[in-house]
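Data block below; observations after.
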Amino acid sequence: MADKTFFVIDFDSTFTKVEALDVLSDILYEGTDKKEIVGKKIKDLTDQAMAGELSFREALEQRLALLEATKKDVTQLSNELKELVSESVKRNKAFFSNETDNVLIVSSGFKDFITPVVTEYGIKEENIYANTFTYNDKDEVTGFDASNPLSEHKGKVKLMKELSLEGEVVVIGDGYTDYEIREAGYAKTFFAFTENIKREKVLAKADVEANSFDEILFTIKHPMATSFPKSKIKVLLLENIHQDAKERLIQEGYQVELLGGALDEDELCEKIKGVHILGIRSKTMLTRKVVEAADRLMIVGAFCIGTNQIDLDACTEHGVCVFNAPYSNTRSVVEMAIGEIIMLMRQIPKRMRQMDRGEWSKSAGGSFEVRGKKLGIIGYGNIGSQLSILAESMGMDVYYYDVVEKLGLGNATKLSSLDKLLEISDVVSLHVDGRPENKMFFKREHIQKMKKGAILVNLARGPVVELEALQEALESNHLAGAAIDVFPVEPKNNNDTFDAPVKNIDNLILTPHIGGSTLEAQENIADFVPSKMIEYVNTGSSFNSVNFPNVQLPRLESGHRLLHIHQNKSGILAQMNNVFANRGCNILGQYLKTNEDIGYVITDIDQSYQHELLEDMKKIDHTIKFRILY
Ligand SMILES: NC(=O)c1ccc[n+]([C@@H]2O[C@H](COP(=O)([O-])OP(=O)(O)OC[C@H]3O[C@@H](n4cnc5c(N)ncnc54)[C@H](O)[C@@H]3O)[C@@H](O)[C@H]2O)c1
Ligand SMILES: O=C(O)CC[C@@H](O)C(=O)O
């Protein structure tokens, strides 16, 4: 930023979200037939003038002729406009008062309603350049002061020439008349402000498009630039994540790239550079090498339940917050398990294969109802316990085994021995999580301990079952059937080929990891995970994160929020509070939570603080990441 920079800011659709004369027309004609007709005419005239298609004076005259306003209406207008100030202007209130000598409102609107709005932001009255209404003795608006250059065609340019500001000038606005200042050489940079409206003709002329004041301050490296602008947040979504997720994140203002399959480690190390938010499913191995190659990564979203594909320790050490969707696809998995259990008990896969081969085998041999059969569930978590309810409602006797204490639902019986469960169950269904200790958890010895003629279902994780042993058990008819949805090695995408140690068995169902692949589940996930990501970006809330201390935060109403992630060492909070004390900073609220590895401190502070405070925060010992929100 130059030593002296002036900020020339437009009012309508820039400082405020709206065009003031549109609002005035609504006030005047509310509840009458005229509201729509006059409103439309006013809007058309405004758009034509803003796009440079109609001279400003003509547009102004025609618009005022349509409005029959009084001083009282103008006062009502400014009161309404106070509520309609652009969000990013509100967020940066401190900037306007800090730069009070350098901020100029240059508008072809009217001081009569602009002044009460902008002076609340510390903008000086003498720095407001705009038209003024003329009134008759009944306080009715009769027109405008025609000697004001801002009422003329190219009025803003004329005014800037008269002002001849000494310093660098940045002009910020949504209209063509704002661009004309830059075109005439009275400004160095024209920011086309698109937070409220995007005018293509104006955008085409812009030096920079800015969809918020945050972005402007960030771009010019203003010392008060704080929150990272949303439009600079890059999101990479892999593995065909549902389109709704992409749309949700785009709506939030992020840049989003969506790719079909997974990437391997080296590809991902390249692709992840500059990415702030990564979305994956079960195929992407997010290794330490990838996390270390990520130079901007803040958040990882697993658009599924399992997070075993993610090096959570590496993420935590690097201050990357990981979310998953722990419930969104559980029902889909349960329904698939139920369907497969019935199919296998009735030998349907075998019958289908026979039919394909032209064999007609109408026989009840080896086919059973599920009613009254014993279902043994291993892993009684979100899926296992839901399966328990549905299976019981079909008349199955449910038994379960879990490594932690779990309350049995319905009439399910808890077993404290895995062997006991294997010994009695007609169907064994695996629903354990993918923790490293569960690799090859269900081995040959467990398969052999299963009842003769029993059925095995694995919709949990591929490495959990010793598939070679399963193949032998199926070939020898020790087991009557199996359904396997997950495999130790799975293809990266739908174009890759697949092979597994278990195959060519009549009563076997193999599926390509689709337990959670229903449209309902994918839509639920596409809603849940982005909402967590957005909440973390906007409020710092880590609630439901799988690796961060879970902190649920209130929305920030005023003030600034400092988010500090550090290694969990003693004395960090004391250091932090010393910084606040030394910089004379008023703390509005503070939250601290730690886990074994990291501490997460959130401090809400009053907006008026010395900017050097932010640098001090980054220098605190063992800091991993620091960011600010407002
Ligand atoms: N096939 C699919 O498409 C699909 C879809 C969703 C989930 N999943 C997988 O299903 C599994 C279950 O998901 P969830 O949401 O119910 O998980 P969860 O974390 O809610 O439940 C897992 C349960 O298993 C228990 N457990 C872990 N190791 C165990 C062991 N060795 N012996 C006995 N109990 C053990 C845990 O204590 C926990 O209660 C996970 O592996 C998940 O990744 C697969
Ligand atoms: O959809 C996926 O890729 C994974 C589904 C499932 O394994 C999960 O963990 O939720």
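Summary table
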| item | result |
| --- | --- |
| Candidate set: segment 1-29, residues that are among the polar types (S, T, N, Q) and crowded, with 21+ Cβ neighbours inside 10 Å; chosen: the one farthest from PHE218 (Cα to Cα) | SER25 |
| Residue among GLY261, GLY274, GLY253 that alone is within 13 Å of the chain's Cα centre (by Cα), in the same structural domain as LYS289 (by TED's automatic domain parsing) and either in a loop (DSSP other than H, G, I, E, B) or under 28 Å from VAL170 (Cα atoms) (or both) | GLY253 |
| Matching residues, segment 499-544, being within 30 Å of LYS350 (Cα to Cα) and either at pLDDT below 95 or more than 34 Å from the chain's Cα centre (by Cα) (or both) | ASP499, ALA500, PRO501, VAL502, LYS503, ASN504, ILE505, ASP506, ASN507, LEU508, ILE509, LEU510 |
| Failed item, numbered, when ASP266 is tested on (1) away from ligand 2 (no atom under 16 Å from the Cβ); (2) surrounded by fewer than 18 Cβ atoms within 10 Å (Cβ to Cβ); (3) closer than 24 Å to SER517 by Cα | (3) |
| Of residues in segment 370-391 being outside any helix (DSSP H, G or I) and either of a type in the set (Asp, Glu) or within 16 Å of ligand 2 (Cβ to nearest atom) (or both), the one nearest to ASN458 (Cα to Cα) | GLY379 |
| Qualifying positions in segment 197-253 - among the small types (Gly, Ala, Ser) and touching a Leu at 6+ places or on another chain (Cβ under 6 Å) | ALA225, SER227 |
| Matching residues in segment 531-562 - criterion: being among the β-branched types (Val, Ile, Thr) and under 16 Å from VAL601 (Cβ atoms) | THR539, VAL551 |
| Test: residue in segment 453-461 that is away from ligand 1 (no atom under 16 Å from the Cβ), assigned by TED's automatic domain parsing to the domain that holds PHE543 and surrounded by fewer than 21 Cβ atoms within 10 Å (Cβ to Cβ) | no |
| Among (1) surrounded by 14 or more Cβ atoms within 10 Å (Cβ to Cβ); (2) not in a helix (DSSP H, G or I) - the single one SER416 does not satisfy | (1) |
| Condition broken by GLY274, with the remaining ones in (1) within 30 Å of LEU613 (Cβ to Cβ); (2) without any contact (Cβ under 8 Å) to a residue 60 or more places away in the chain; (3) crowded, with 17+ Cβ neighbours inside 10 Å satisfied | (3) |
| Residue that is assigned to a loop (DSSP other than H, G, I, E, B) and at pLDDT 90 or above, where the choices are VAL8, VAL18, VAL23 | VAL18 |
| All positions within segment 406-461 that are of a type in the set (D, E, K, R) and more than 21 Å from VAL502 (Cα to Cα) | LYS406, LYS414, ASP419, LYS420, GLU423, ASP433, ARG435, GLU437 |
| Residue check, VAL334 over 19 Å from HIS242 (Cβ atoms), hydrophobic (A, V, I, L, M, F, W, C), outside any loop (DSSP other than H, G, I, E, B) and in contact with a helix residue (DSSP H, G or I) (Cβ under 8 Å, 6 or more places away or on another chain) | yes |
| Answer residue from segment 398-417, given it is under 20 Å from ALA483 (Cβ atoms) and touching a Phe, Trp or Tyr at 6+ places or on another chain (Cβ under 9 Å) and is nearest to ligand 1 (Cβ to nearest atom) among those | TYR401 |
| Top-ranked residue in segment 1-32 [being small (Gly, Ala, Ser) and in contact (Cβ under 8 Å) with a residue 24 or more places away in the chain; ranked as nearest to ASN102 (Cα to Cα)] | ALA2 |
| Test: residue in segment 338-351 that is assigned to a strand (DSSP E or B), in contact with a helix residue (DSSP H, G or I) (Cβ under 7 Å, 6 or more places away or on another chain), of a type in the set (A, V, I, L, M, F, W, C) and in the same structural domain as ILE505 (by TED's automatic domain parsing) | no |
| Selection count where residues are assigned to a loop (DSSP other than H, G, I, E, B) and within 14 Å of ligand 1 (Cβ to nearest atom), scope segment 285-324 | 8 |
| Tally, over segment 30-74, of residues that are aliphatic (A, V, I, L, M), at pLDDT 85 or above and surrounded by fewer than 16 Cβ atoms within 10 Å (Cβ to Cβ) | 2 |
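The values are calculated or read from the model by the stated rules, or taken from the named source; none is laboratory data. The shown structure was predicted, so the numbers you read here are calculated from the model rather than taken from an experiment. Using ideal geometry, Cβ is built from the backbone for each residue, glycine included, and neighbour counts are taken over all protein chains shown.
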